[in-house]
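The structure under discussion is supplied below as structure tokens; questions concerning it will follow.
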Amino acid sequence: MNYPFWDVPIGYGLLMAVIAVVHVFVSHFAIGGGLFLVVTEQRARKTGDQPMLEFLAKLSKFFALTTLVFGALTGVGIWFIIGLLNPTATEALIHNYVWGWAIEWTFFVIEITAALLYYYGWQRLTPAAHLAIGWIYFAAAWLSLVIINGIITFMLTPGQWLVNGEFWTGFFNPTYWPSLVMRTGVCIMLAGLYALLVAARYEAGDFKKRLVREMTTWGLLGLVITAAAQAWYWGAIPATITTKAMQIMPIPMQALRSTVWLAAAIAVLLVIARAVARRLPVVVAGVLMLTGLAWFGEFEMFREALRKPYVITGYIYGNGVEVALTDRYKKEGYAAQIVYKTGDEGTDLFLHSCRSCHTIDGYHALKPAFDGTDRKFITAIVRGAHLLKGNMPPFLGTPAEADKIASYIYARIDQRPLAEICRAEGIDLGPRAYAVRCGCCHMLGTSHDKSKSFAGQSADDLGTMLDNSAALGDGMPDYTGPTEERAALVAYLQTLGKQVKK
Amino acid sequence: MNLPNYEFLSAPLWLVTILHLVTLMLHFAAMNFLFGGLIIVIHAGLRKRWDDPTLLKFVRLFPAAMAATVTLGVAPLLFLQMTYPRPVYAAAIVSGWFWLGVIGAVIVAYYALYWSALRGERTGKVCLSGLLLALAGVVYVSFVYSSVFSMAERPALIQQLYAQDQSGRVLNPATGDYLLRWLHMVLGAVTVGGFFVGMLGRNEPVAYKTGKAYFVGGMALASVAGIAYLMSLQPILARLMQTRASWVLLVAILLSLGSLHFFFKKNFCASGTMLLVSMLGMVYTRHIVRLLRLGDQFRPDAYRIAPQWGPFALFLVCFVIMLALVAYMLRLFFGAKRAA
């Protein structure tokens, strides 16, 4: 809370994803593509394969224009955006890992120099010198992954660093090696996919067939390494994280499933490309690229969402709240820690507690979730945020501050009774009341589904339970809404109970 | 909870400061080549003062100069964020959209430079529109950087601006803080650009003469802007003059004049070295101005020092390997050119 809050209408997650996914898609190609170029060149030089050398020269132009400009700049872009979105976590990372980044920078300088000279050197350099620069390029590019992988994986699984604060402990954390192998596999796979896009533009014929077969081999090899290492990666993540994800975090789990389907789709498309190698249409290569991008997008979504509620597991929450300062927050409140103020405490508290993930009526909107509810209910939800689905950070401020956040939200929602809203929109009140009042925790069909306990209960019993639900513990709030909504909710709970019976 | 505290510096402050200043100087050298070179080439192109081959020679180098500018810009920004994270990020957030726009502007400028270079190779003519687009991108970046980094020297101003607008659409309104500094930097870039034009065109009388004109003229105008900027620092000028920075600045000015002397003698090695060291002096002065302006509002020396000597040593080893490999590759490349 030492920083101002950038209040943009776009969700932070979306903003981060747009820059990060595009960057990783290019930067991994920058590594794998370098390996592809130099390995293929070496073979072509040995066999005197002139058409292949001409193809590689063309590919290297595409490679340079893509990786040197877009890849490098979006990498800097990630650095810019994390500083804007979560400056506290960025500050923590820079203080702990500045020498990691500095080491990566030395590889970056080598990489950029080598890429430029390799691209400009096709006509000028001797074959041996050109190959030497190619190998230097690849080594530097891969070593930069070796370094940055330590920092990325640290954020999900800092391991014993949380106890000793040692640089290398955090760097070689539990997911370091599987992630490195997996990302190396991705680099190889993307080398094949990108090169296919260039090869697909060649006229149909034997040479094209040779090119496509070569590249699909790279694609499939990379995919096999990636798939195996992804399973290893999942196994290396502490069970406390994966178990919780499987229980209450639909987003990372959905993303994980998507990576499996998309990997299968890539495999099928690569096989198809191999089958029509002689006349591979650009559209197939294009679809392969898009599928690869989608795979990477889903994987990054999985990795980022799995960290919830943290941005650095066990250390800093996604909203910049620091775990180490828990006692201070509880004692003094959030407001006392906020350095840059807007002049309205409710706004400041909302921005620093909720806004990094939620907008009022845009990305991860709160308005639909709270329309037709009351301030007491919203306050209870704020205070019990960590109990809700999605694994949210806990609210560590004072009760008065939770009330101020609730007032801020309440002033911006539809304050008509839920019954009236439902009538106007033509929706059933019961299910809607359940979704709003209960569904934040008790999603139907999950382990938190309590439908069984409603079976055989009378309307009076259920009504009494609602009115005294705080007594059930676990942060449950009492029912605080109007009577019409209460009756509809009770009726719906009875329906749920009956469905279980059946 | 007994978690590791991140509020520390992983090397002594003096060491981080040296790394910051030296890498910033290198970044400025590359940036000035690009920025100044662009201004000179566009100006010369508009006035049809040069024959095309000389222009093209420079234009071909621009993408590499941009690569060097970006690459060498990463390290000083890293060390700056390590030492001054709070004021720097706070200022960046208040200008969030402009700050993020830097990336877009550099990408556009970079592609425009490649476009100009490739088109120049193909047609043998300078692509003025591409260069103008690139220049617009570079001007944008330089202006936003000046705005944000000068705002970062005034946390109270950041608080005031943030209270008015949280959307990240605010540039530093205290233009008095940085307009002259920005102008000094632009004219300094023209000076350095002039040096490189003269050096690259040393065997072509027209090119050398043009480079000399920009070198001398740029330095004269940059000096005027620099002095005006110093005068604008009234509230802290007296204190600045009491620090070591005043001597460093004096030496830097003398070195700049010395670089002119050697430029006239066509001793570009001595001239360039003096220019580079004088740039280091300016960067140091700039650093002291930042410290004086921040005063007690943010003190990097208040950080706890907890050195990570192992990772630092590895960085040094990698740094030496980087220098060796870059030198080796450049020797391979330019040696091959000579042989060809």
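Sort through A:Arg328, A:Arg278, A:Arg257 and tell me the only one that's in contact with a Gly (Cβ under 9 Å, 6 or more places away or on another chain), more than 16 Å from A:Thr157 (Cα to Cα) and assigned to a helix (DSSP H, G or I).
Just one listed residue meets the conditions, A:Arg278.
Out of all the residues in region B:191-225, which are touching a His at 6+ places or on another chain (Cβ under 9 Å) and buried (at least 24 other Cβ atoms within 10 Å of the Cβ)?
Passing the criteria: only B:Tyr214.
Something else about it: Could you tell me which numbered condition A:Ala128 fails, if it satisfies all but one of (1) part of a helix (DSSP H, G or I); (2) free of Cβ contacts under 8 Å to residues at least 24 places away in the same chain; (3) at the interface with chain B (Cβ under 8 Å from one of its Cβ atoms); (4) of a type in the set (A, V, I, L, M, F, W, C)?
(3)
What are the pairs, 6+ residues apart or on separate chains, where a residue within region A:162-177 that is closer than 20 Å to A:Thr240 by Cβ and more than 9 Å from chain B (Cβ to nearest Cβ) has its Cβ under 7 Å from a residue that is at pLDDT 95 or above and surrounded by fewer than 16 Cβ atoms within 10 Å (Cβ to Cβ)?
As it stands, the answer is A:Thr169/A:Gln160; A:Pro174/A:Pro238, since those pairs meet every condition given.
Here is a further query. State the number of residues belonging to region B:232-246 that are over 13 Å from B:Arg286 (Cα atoms) and within 22 Å of the chain's Cα centre (by Cα).
Going through region B:232-246 one residue at a time, the tally reaches 1.
Does any residue of region A:296-315 turn out to be in contact with an Asp or Glu (Cβ under 9 Å, 6 or more places away or on another chain), surrounded by 20 or more Cβ atoms within 10 Å (Cβ to Cβ) and either within 21 Å of A:Tyr194 (Cα to Cα) or not β-branched (Val, Ile, Thr) (or both)?
yes
Suppose we keep only residues that are more than 8 Å from every other protein chain (Cβ to nearest Cβ) and in contact (Cβ under 8 Å) with a residue 40 or more places away in the chain within region A:112-125. Which one would you say is nearest to A:Gly48 (Cα to Cα)?
To start, the set of residues in region A:112-125 that are more than 8 Å from every other protein chain (Cβ to nearest Cβ) comprises A:115, A:118-119, A:122-123.
Now restrict to residues that are in contact (Cβ under 8 Å) with a residue 40 or more places away in the chain: A:115, A:118-119, A:122.
Numbers: A:Ala115: 23, A:Tyr118: 19, A:Tyr119: 20, A:Trp122: 15 Å.
Step by step, filter region A:112-125, then rank; the result is A:Trp122.
Looking at region A:20-32, is at least one residue free of Cβ contacts under 8 Å to residues at least 24 places away in the same chain and away from chain B (no Cβ under 14 Å)?
no
How many residues does region B:161-190 hold that are surrounded by fewer than 19 Cβ atoms within 10 Å (Cβ to Cβ) and within 11 Å of another protein chain (Cβ to nearest Cβ)?
5
Another one. Considering only residues that are surrounded by fewer than 23 Cβ atoms within 10 Å (Cβ to Cβ), in contact with a helix residue (DSSP H, G or I) (Cβ under 9 Å, 6 or more places away or on another chain) and either more than 7 Å from chain A (Cβ to nearest Cβ) or in contact (Cβ under 8 Å) with a residue 24 or more places away in the chain (or both), which ones fall in region B:149-160?
Across region B:149-160, the qualifying residues are B:Phe149, B:Arg154, B:Pro155, B:Leu157.
Further question on the same structure: Any residue in region A:305-313 that is over 25 Å from the mean Cα position of the chain (by Cα) and within 22 Å of A:Pro399 (Cβ to Cβ)?
no
Follow-up. Failed condition for B:Tyr110, given (1) of a type in the set (Phe, Trp, Tyr); (2) within 19 Å of B:Leu135 (Cα to Cα); (3) surrounded by fewer than 23 Cβ atoms within 10 Å (Cβ to Cβ), with all others met?
For B:Tyr110, the failing item is (3).
Could you go through region B:309-323 and let me know if any residue there is surrounded by fewer than 17 Cβ atoms within 10 Å (Cβ to Cβ), facing another protein chain (nearest Cβ under 9 Å) and not aliphatic (A, V, I, L, M).
Looking for residues that are surrounded by fewer than 17 Cβ atoms within 10 Å (Cβ to Cβ), facing another protein chain (nearest Cβ under 9 Å) and not aliphatic (A, V, I, L, M), one finds at least one in region B:309-323, hence yes.
Report the residue count in region B:92-107 for those that are crowded, with 20+ Cβ neighbours inside 10 Å and within 9 Å of chain A (Cβ to nearest Cβ).
9
So, one more: Within region A:86-103, is there a residue that is at the interface with another protein chain (Cβ under 9 Å from one of its Cβ atoms), crowded, with 20+ Cβ neighbours inside 10 Å and not in a helix (DSSP H, G or I)?
Within region A:86-103, not a single residue is at the interface with another protein chain (Cβ under 9 Å from one of its Cβ atoms), crowded, with 20+ Cβ neighbours inside 10 Å and not in a helix (DSSP H, G or I).
To continue, here is another question. Go through region A:136-161 and give me each residue that's out of contact with any Phe, Trp or Tyr (no Cβ under 6 Å at 6 or more places or on another chain), assigned to a helix (DSSP H, G or I) and more than 11 Å from every other protein chain (Cβ to nearest Cβ).
Answer for region A:136-161, where residues must be out of contact with any Phe, Trp or Tyr (no Cβ under 6 Å at 6 or more places or on another chain), assigned to a helix (DSSP H, G or I) and more than 11 Å from every other protein chain (Cβ to nearest Cβ): A:Phe138, A:Ala141, A:Trp142, A:Leu145, A:Val146, A:Ile148, A:Asn149, A:Ile152, A:Phe154, A:Met155, A:Leu156.
Could you identify the single residue in A:Gly192, A:Gly205 that is at positive phi and in contact (Cβ under 8 Å) with a residue 60 or more places away in the chain?
A:Gly205
Across region A:355-398, what is the number of residues that are in contact with a helix residue (DSSP H, G or I) (Cβ under 7 Å, 6 or more places away or on another chain), under 18 Å from A:Leu325 (Cβ atoms) and without any contact (Cβ under 8 Å) to a residue 60 or more places away in the chain?
1
If I filter region B:254-277 down to residues being without any contact (Cβ under 8 Å) to a residue 12 or more places away in the chain and not in a helix (DSSP H, G or I), which single residue comes out as farthest from B:Met25 (Cα to Cα)?
Residue satisfying both the conditions and the ranking: B:Lys265.
Return the pairs, sorted by first residue and then second, in which the second residue is in a loop (DSSP other than H, G, I, E, B), the first residue lies in region B:109-128 and is among the aromatic types (Phe, Trp, Tyr), the beta carbons are less than 8 Å apart, and the residues are 6+ apart or on different chains.
Cβ pairs passing all conditions: B:Trp115/B:Cys127.
The values are calculated or read from the model by the stated rules, or taken from the named source; none is laboratory data. This is a predicted model, so every value here is computed, not measured. In this analysis, Cβ positions are derived from the backbone assuming ideal geometry, glycine residues included, and neighbour counts consider all displayed protein chains.
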